[in-house]
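The next block holds one structure in the form of structure tokens; read it before the comments.
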Amino acid sequence: MSPEKFGRPAGILLVLLLVNTAYIAAFASPTISCMGNGVLHLALGVTLAIVLLWLIRQMPLPGTLFFTLGMYPRDRVALNQAARILFLQRKYAEALKYLDRICDVDPEDLQMHYTRMLHLRGLDDAAGAGREQTLIQRFKAQESAQAITAKPRLLSPENNNERQQIHDHESVPLNVPASRPKRALVVAGGAQ
């Protein structure tokens, strides 16, 4: 793997690794090289972090995410993850295509509106970002409403049940077969 493939940051990292290796080889005693080596390791760690961030920004979407989107093209979580990765890579316009697909599935998705707001800010679209911020505030659960409805929800479990996204209704037991009324046998010519 050549440093030219990844550019200048990888070349700097390679040089620091070589210097660090030469420094450790030259001073075999750990007490002599402790302070100098610590500073060199610190510089190496900072450079490594910078190189890793740079590499993340250059990478395409992970293959597993492409696989998931291939199998489930309307999966909101996977689409949001793809848009988030593109946000970190500063590919704002490309990510808006993924966010449009989420909007087709669920126009009230709070995460989608937040991510779209970030992308529009990255594109310097203040009007669009303001619109998304308004939608976020509209769809976000209000804490004051939670406090107002807390006591009635505690007193009535059925109302709290209705409030849950996934809930069940208690009606008749489903494992008991319904009994039918018996009909009298009517024979032509009269009852017997």
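So here's what we get for this one:
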read-out	value
Selection within segment 107-158 - acidic (Asp, Glu), assigned to a loop (DSSP other than H, G, I, E, B), modelled with pLDDT of 90 or more and surrounded by 10 or more Cβ atoms within 10 Å (Cβ to Cβ)	Asp125
Single unsatisfied condition, Arg74 versus (1) assigned to a helix (DSSP H, G or I); (2) among the basic types (Lys, Arg); (3) farther than 20 Å from Leu135 by Cα	(1)
Meets criteria (outside any helix (DSSP H, G or I) and either at pLDDT 65 or above or touching a His at 6+ places or on another chain (Cβ under 7 Å) (or both)) for Arg101	no
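The values are calculated or read from the model by the stated rules, or taken from the named source; none is laboratory data. Keep in mind that this is a model prediction, so the values were computed, not measured. Quick reminder, even Gly has a Cβ in these numbers, built from the backbone with ideal geometry, and neighbours come from all protein chains shown.
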